[in-house]
1. For a distance above 16 Å, tell me the whole-number percent of Cα pairs in region 1-77 that qualify.
2. Picking from Gly334, Gln296, Leu346, whose Cα lies most toward the positive end of the charge dipole for the chain (charges on Cβ: Lys, Arg +1; Asp, Glu -1)?
3. Sticking with the crude label model, points 7 Å out along Cα→Cβ, report the distance from Val293 to Arg344 in nm, one decimal please.
4. Just grab the label-to-label distance for Glu83 and Asn282, each label 7 Å out from Cα along the Cβ direction, in nm (one decimal).
5. Run the numbers for Glu326 and Glu300: contour at 0.36 nm per residue of separation, minus the present Cα-Cα distance, in nm.
6. If I model a spin label at Asn141 and Arg56 as a point 7 Å from the Cα along the Cα→Cβ vector, what separation in nanometres do I get?
7. Please name whichever of Trp321, Gln257, Ile243 sits farthest to the positive end of the charge dipole of region 239-350, dipole taken about the Cα centre and charges placed at Cβ: Lys and Arg +1, Asp and Glu -1.
8. Mind computing the radius of gyration and Dmax over the alpha-carbon atoms of the chain? Å is fine for both.
Amino acid sequence: MNNLLTKHILKESKNREDFRKILLTWYGKYQRELPWRTKPSLYKTVVSEFMLQQTRVSTVLPYFANWLKKFPSFTALAKANEEDVLKGWEGLGYYSRARNLHKLAKTISPLKSIPKDAKFWLTLPGIGPYASAAITSISFNQAEAVCDGNVVRVLTRIFSHGELFKDGASAQKKLQPLAQQLLDTTEPGNYNQGMMELGATVCHRQSPLCTTCPVLSYCTSGQRGDPEMFPALAKKKKTFEKIKRYWITRDNALLLQRAKTGTNRLAGIYELPKDIESEVKNKKNLLAKKRRVIGQTDYEESIYQFSLHLNCDLDKHSLEWISWDELKKITISGPHRKWIEEIRRLFAEQNFQ
Ligand code: SF4
């Protein structure tokens, strides 16, 4: 038995049974209606799990609907070319997820029968312990417990477990055996979703709704009134980076830079150019200054208007002239598309005045 369990009321198997029943009943009654839950299928579950990594449900919803229209099955996705797949993902970020999902579809679609065990799923592109447990428990009723950030929050609070974890991933790894012991093996998919739903909708990071929580009577920190102390995660060092971006136009086109293929997380995606100082001249205006956070880095990106030297080697810097009409068709990183639209509007208004 897990050490944490031995000191808790959930050490009694009867209490664990009751806890599972309460959670399953609550989930049955209060779960959010989400498109991957209504008429579920393996494909919908897999797509939603890929999209939800590092991304909020509210952000995912429109993308999920469009994706299903464009690629309704593993077979349709497997047949698509990479350009179309990336375009369908445009704006969701972390494009390696789209590439891995594409590769996974190519592996899965020719199979006569799809293996149901978590070990097989772990061998597929983009699938780690969390995703394999989520997919196989939800789609195949496999007794595999998930332990994501929401589950970590719920468990550390229920057990008032104050261990300082170096990051979320190590907390998930450490608490997975406990999650496994609590799992309802008759309804693992619903139980897993219930735990995650509880973390997402009741056991909030700040101001959790303990008074209406279905498992309050099993939760040590909820009863004590100090749930926000858990989980204890080491503070990560933030870094700050300034980036200079270039707005260069000619006739009816904008100069964009396409990240090289390979390991680059943005491989194949277009952005406003950077690192081309030697190729530009005639600095004009600062058009915009943008802040955004990626992981632990706080970026400040300044977009300046410049002209390009006539002898600039476009290929060397992966630069391409993209006509305004073509902009719609290519895959541009989400924030950059917004910035481009904003700057074009700015110019349109100035010309108008
Ligand atoms: Fe979270 Fe409060 Fe429920 Fe405990 S009682 S699981 S802290 S919402």
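1. The proportion of pairs with Cα distances above 16 Å equals 64 percent.
2. Gln296
3. Going from the Val293 label point to the Arg344 one covers 3.1 nm.
4. Simple spin-label model gives 3.1 nm for this pair.
5. 6.6 nm
6. It is 3.7 nm.
7. Projecting each Cα onto the dipole axis, the largest value belongs to Ile243.
8. 24.2, 78
The values are calculated or read from the model by the stated rules, or taken from the named source; none is laboratory data. For clarity, every value in this text was computed on a predicted model and none was experimentally measured. We place every Cβ from the backbone using ideal geometry, glycine too, and count neighbours over all the protein chains shown. Note: areas computed on protein heavy atoms with side chains; ligands, DNA, RNA excluded. Shrake-Rupley method; radii C 1.70, N 1.55, O 1.52, S 1.80 Å.
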